[in-house]
Each structure stands twice: as structure tokens, then as C-alpha cells.
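Inspection log for the structure reproduced underneath, given as C-alpha cells.
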Amino acid sequence: MTTEIASEPQVETPIWKIEWSEALSVGITDIDEDHKRFARLVNELNRSIVDRAQLPEIRHRLQMIIDDAVQHFAHEERLFKEWQYPDSQSHAAIHAQIIKKLQAIMSSNVSTCLNAPWIEAGLQIKTVLIEHILKEDVKYTKSYLNHRGPLPIN
């Protein structure tokens, strides 16, 4: 007699959701915490879109993302000066482009209550965040390590 063990069904992560993993880590605790908060805000926005929340709530959540991005980018740019990150100007220019994208999303969806444009906007915001972390933010880790010096040996 064979006994079959029922396995729990695999639950797929919704396409709109950011699942934090070490693959998204830049290895700098403060920055990773900022990124986790940003991911949480994006997930909350996308959850409200999927749940067909009222337009004022969706717009409020998007504004929270914009405000958080401005704060986070300023934090990174202060650290760049401290670390003497050689690509700080080009990275800051990318930050400015992201803020413009987020503001454009906000203004393009000002009055629409239609779900499709907001779903597209939410996915676009998720993509912008993930691509920025994976393509741009990982570049400054070396400058951080050089500034910090070698890790102490235990």
C-alpha cells in the first residue's frame, strides 16, 4: 500500500506584486530597507488597483510612492557624496527621470476610473523599480565597499 502525501498547492505570485528576495539586495542595509519600503508601497498601490479601490485612494498611494522615491533618491545621493561615487551625477539624472515618469503616470491618470490604465501604470511602476535596482543601484556597491573598507575578521 502506497501512501501519497498531498502537497500544498503552489501559489503563484501575482504579476503585479514585488516579492523581495536577496536577488534585489544591493548589500547595503539602509538602502535595502528603503527598497523594501518602496516595494511595499508599490504592492499596496497595485493591490488597491486590483481591488478596484476608489480613485482618491489610488492617487494617494501613487503620491506616497512619488514622495518616497524623492526621499530615497535624496538619501542615496547624500551617500554618493560621502562615498565619492564617481557616477553620482549620471545616477542622479536617472533618479530625476524616474520621478518624471512617476509624475507623468499620475498626471496621465488624473481623472480616469478605468481599471486598465491603472493596471498598466502599476505594472510600469513595478518594472521601473526592479530595473533601477538590478541595473543601476548594484553599480554603486563597489564604491560603498571601498569607502567602508574591508570587513573585520572575526
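Quick notes on this one:
- For the stretch 27-146, the alpha-carbon radius of gyration amounts to 1.12 times the rule-of-thumb value 2.2 N^0.38 Å expected for a compact globular protein.
- In the chain, helices alone account for a calculated mean residue ellipticity at 222 nm of -21500 deg cm²/dmol, with every DSSP H run of four or more residues adding -39,500 (n - 2.57).
- Under the convention that each Lys and Arg Cβ holds +1 and each Asp and Glu Cβ holds -1, the size of the dipole of the chain around its Cα centre is about 460 debye.
- A DSSP coil position with no more than 11 other Cβ atoms inside 10 Å describes the following trypsin sites (Lys or Arg not before Pro) in the stretch 19-128: R52.
- Sparsely packed loop sites in the stretch 19-106 (the GluC sites (Glu not before Pro) outside DSSP H, G, I, E and B with at most 12 other Cβ atoms within 10 Å) comprise E19.
- The residue among I130, L79, V50 whose Cα reaches farthest toward the positive pole of the charge dipole of the stretch 27-146, with charges on the beta-carbon of Lys, Arg, Asp and Glu, is V50.
- Close lysine pairs were tallied over the chain: pairs 8 or more places apart or on different chains with Cα atoms under 24 Å apart number 24.
- Cut-off 13 Å between beta-carbons: net charge of the residues surrounding R148, Lys and Arg +1, Asp and Glu -1: -1
- Here the calculated FRET efficiency for E120 and Q89, from their Cβ-Cβ distance with R0 = 41 Å, stands at 0.85, rounded to the nearest 0.05.
Bear in mind these aren't lab numbers, they're just calculated from the coordinates by the rules spelled out. On a predicted model such as this, the values are computed, not experimentally measured, just so you know. Please note: Cβ atoms are built from the backbone with ideal geometry, for glycine as well, and neighbour counts cover all protein chains shown.
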